[in-house]
Amino acid sequence: MLFTGLPSTDVEALRARLYGEVYGPDDEGWDEARRAWNLAVDQRPAAVAFPVTDSDVVAVVNFAREEGLRVAPQGTGHGASAIRSLEGTILLSTKRMRGVRIDPGARTARVRAGALWADVTGPASAYGLAPLAGSSHDVGVVGYTLGGGLSWLARKYGFACDSVTAIELVTADGEHIRTNAETDPELFRALRGGGGNFGVVTALEFTLYPVESLTAGAMAWPWERAEEIFNAWREWTRTVPDDITSLCRILQVPALPDVPPPLRGRKLVVVEAAILGDLDMLGPLRALEPELDMFAAMPPAGLIEIHNDPKGPVPGMGDHRLLADAPAEAIAALVAAAGPGSDSPLVSVELRHLGGALPVDAAFSLFAIGMVASAEAAMAIDGALARVMDAVAPYDAGRALLNFSERPQPADRLFDGYTLNQLRAVKDRVDGDDLFAANHPLR
Ligand SMILES: Cc1cc2nc3c(=O)[nH]c(=O)nc-3n(C[C@H](O)[C@H](O)[C@H](O)COP(=O)(O)OP(=O)(O)OC[C@H]3O[C@@H](n4cnc5c(N)ncnc54)[C@H](O)[C@@H]3O)c2cc1C
C-alpha cells in the first residue's frame, strides 16, 4: 500500500498553529502517536494531532481544509478497525481533551471530547446516578454515543445517543458551534447515532438516571451446557421487564495473570445482567445451578466491571449481526460453531437481549471476538467469525449497530432508507466536501 505521510515542513506548519502536539512520520514517537486502542489495527495517517483546546481543533480542521487533507476524529481507537483508509488524512486524537462535570441537581453530565466512560461512571455514581455507559471502562464517551450506545440500562432507557441534550462541535468550515433540539434539529438528530461524519465533537451533554437499587453480575456454567443455558436464557428474556438488560455468551477465558483465578483459562457459558429495582428475577437462572454466581447489589459504577472487558489495549478482531430471533435451531448452530468440539479460537461469542426502550427491529445483537496474537491466529479467527456469522445467517435481521460493526459495513445495513437519506442530506449541507473521515461513512 502506498503510504504518503505529511512532509515535515507541513507538520511544522500545523504544529505552529496548536498548543497541543503534532506528529509526522519522521518524528520520534510516531508509532506511539498513531497507535489505536485496538492493537490489531495499523493506522497510517498523514499526521496525528493531539489538540488540547477547542481552538486547537479549529486549527486542525482549518489546516486540513486549506491543504486538501481530511480529518479523522478519534477518541481511543476502540472503533478503529472499521476505518477503510487514512490516506491524506490527519488523525485528530482527542486523548488530551479529558474532562467531566456532573450536575447532580439537574441530573446531567457534560464531558469533553476525550472523556472515557470510567471518568463519568464513578463521579455520577457518588450521587446515585448512572449514565448510559457501555460495558468497558476505557471506551470513549463521544465515539460510543455518536454510534448509538448500548448500555446495561438500555432496555429501560434506550440508546445513549437519545439521552444527549446538547453537542458542541467544530464544523468543516472551522466554526465552533453548539447544537441541541432547538438550534439545527436536523444536525442534532444526525449526530445522535449517525457517527463521526459531521464534525469534530468537542463536548457532549447528556442525562443521568437515578438508580435507587441495582443488582448486577454474572452466572457461569461449564461450556458443555452452552446449548441448554442459551435456550433457558432466551426463554427467561421473554419473561423479564424492561428493568432488566442481559446477555448470554460463550466465554473462553484467556489464561492471563490479570484474570481472576475462578475464571482464568476456563471455557464457560455465562449470563450477565443488570436488574434495576428490587426484582428477584434470577430464580429461573439460579435453578440451573450455576457453578459461579457473582450477582450482587451494587452502586451504578459497578456496572463497568461485570463484563470483564480488557483492562487496556488488545489486538481484537470481531464481527456482528442483529438477529430477528434466536430460536433453538439458531442456538444449536451457534454452539456448534463456537462451543465444545468446534475448535473455535474466539474468546467471546455473545447475544445481547434488545427490545424494551430500544427502537430497533431485532430481538438480539450478536457479537463475536478473537484476540489476534499472530498472522496465523488472524486467519483462524477470521474463519471462525465467518462460521459463527454463517450459522445464524437465516436469522439475520438485515441491519447492524454502528458500535459493534468492527468491519466496514454498507451504510444501508447501518440505517434504514429514510434515516440514511436524512443523514446524507445533513452531511451534504454541513460537510459537502467530505472533510471528515468517520469509521462508518454514509456513502
Ligand atoms: C472492549 C469493548 C467493549 C465495548 N462495549 C460496548 C458496549 O457495551 N456498548 C456499545 O454500544 N459499544 C461497545 N463497544 C463498541 C464501542 O462503543 C465502539 O467501538 C465506539 O466506536 C468506541 O468509541 P471510541 O471513541 O472509544 O472509539 P474511536 O475508535 O476513537 O471512535 C470511533 C468513531 O467515533 C467517531 N468519533 C470519536 N470521537 C469523535 C469526536 N470527538 N468527534 C467526532 N467523531 C468522533 C469517529 O468516527 C471514530 O472513528 C465496545 C468496544 C470494545 C472494544
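Miscellaneous remarks
- Here ARG101 clears all of (1) in contact (Cβ under 8 Å) with a residue 12 or more places away in the chain; (2) more than 11 Å from the ligand (Cβ to nearest atom); (3) not polar (S, T, N, Q) except the condition numbered (1).
- Screening region 235-252 for residues that are open to solvent by less than 20 Å² (accessible area, probe 1.4 Å) and among the hydrophobic types (A, V, I, L, M, F, W, C) and picking the one that is nearest to LEU346 (Cα to Cα) gives ILE250.
- Residue match in region 104-115 (condition: out of contact with any His (no Cβ under 8 Å at 6 or more places or on another chain), in a helix (DSSP H, G or I) and under 23 Å from TRP152 (Cβ atoms)): no
- Check on LEU18, buried (at least 23 other Cβ atoms within 10 Å of the Cβ), outside any strand (DSSP E or B) and more than 14 Å from the ligand (Cβ to nearest atom): no
- Taken together, ALA301, ALA324, ALA330, ALA297 contain a single residue that is open to solvent by 20 Å² or more (accessible area, probe 1.4 Å) and touching a Phe, Trp or Tyr at 6+ places or on another chain (Cβ under 8 Å), which is ALA324.
- Check on ASP412, part of a helix (DSSP H, G or I) and without any contact (Cβ under 8 Å) to a residue 12 or more places away in the chain: yes
- Leading residue by the ranking (farthest from the ligand (Cβ to nearest atom)) among those in region 165-175 that are within 18 Å of ALA109 (Cα to Cα) and open to solvent by 10 Å² or more (accessible area, probe 1.4 Å): THR165
- ARG178 vs. criteria open to solvent by 10 Å² or more (accessible area, probe 1.4 Å), in a strand (DSSP E or B) and either more than 19 Å from ILE102 (Cα to Cα) or more than 10 Å from the ligand (Cβ to nearest atom) (or both): yes
- Residue that is surrounded by the most Cβ atoms within 10 Å (Cβ to Cβ), among those in region 347-385 that are without any contact (Cβ under 8 Å) to a residue 12 or more places away in the chain and not charged (D, E, K, R): GLY383
- Pair list, Cβ under 8 Å, 6 or more apart: region 164-190 residue touching a residue at least 12 places away in the same chain (Cβ under 8 Å), other residue assigned to a loop (DSSP other than H, G, I, E, B) and aromatic (Phe, Trp, Tyr): LEU169/PHE198; THR171/PHE198; LEU187/PHE198; ALA190/PHE198
- Leading residue by the ranking (farthest from the ligand (Cβ to nearest atom)) among those in region 131-160 that are more than 8 Å from the chain's Cα centre (by Cα) and among the aromatic types (Phe, Trp, Tyr): TYR157
- From the list ARG443, ARG424, ARG429, ARG399, the lone residue that is open to solvent by 40 Å² or more (accessible area, probe 1.4 Å), basic (Lys, Arg) and more than 30 Å from GLU175 (Cβ to Cβ) is ARG399.
- Scanning region 105-122 for residues that are surrounded by fewer than 17 Cβ atoms within 10 Å (Cβ to Cβ) and without any contact (Cβ under 8 Å) to a residue 40 or more places away in the chain gives GLY105, ALA106.
- Residues that are of a type outside the set (D, E, K, R), in a strand (DSSP E or B) and within 16 Å of the ligand (Cβ to nearest atom) within region 299-341 comprise VAL314, GLY316, MET317, GLY318, HIS320, LEU322, listed in sequence order.
- Sole exception among (1) in contact with a Ser or Thr (Cβ under 7 Å, 6 or more places away or on another chain); (2) crowded, with 24+ Cβ neighbours inside 10 Å for GLY194, by number: (1)
- Residue in region 385-400 that is within 16 Å of the ligand (Cβ to nearest atom) and part of a loop (DSSP other than H, G, I, E, B) present: yes
- Within the set VAL57, VAL11, VAL71, VAL52, the sole residue that is open to solvent by less than 70 Å² (accessible area, probe 1.4 Å) and either among the polar types (S, T, N, Q) or assigned to a loop (DSSP other than H, G, I, E, B) (or both) turns out to be VAL52.
- For THR9: the one exception among (1) within 26 Å of the chain's Cα centre (by Cα); (2) without any contact (Cβ under 8 Å) to a residue 12 or more places away in the chain: (1)
- Some residue of region 62-72 being within 13 Å of the ligand (Cβ to nearest atom), under 25 Å from GLU406 (Cβ atoms) and under 20 Å from the mean Cα position of the chain (by Cα): yes
- For ALA126, the conditions (1) more than 9 Å from the ligand (Cβ to nearest atom); (2) under 28 Å from ARG413 (Cβ atoms); (3) of a type in the set (A, V, I, L, M, F, W, C) all hold with the exception of (2).
- Considering region 25-38, and only residues there that are within 31 Å of the chain's Cα centre (by Cα) and free of Cβ contacts under 8 Å to residues at least 24 places away in the same chain, the residue that is surrounded by the most Cβ atoms within 10 Å (Cβ to Cβ) turns out to be PRO25.
The values are calculated or read from the model by the stated rules, or taken from the named source; none is laboratory data. The model shown is predicted, which means the values in this text are computed figures rather than measured ones. Ideal geometry is used to build each Cβ from the backbone, glycine not excepted, and the neighbour counts take in all protein chains shown. These accessible areas exclude ligands, DNA and RNA; they are computed on the full protein's heavy atoms, side chains included. Shrake-Rupley method; radii C 1.70, N 1.55, O 1.52, S 1.80 Å.
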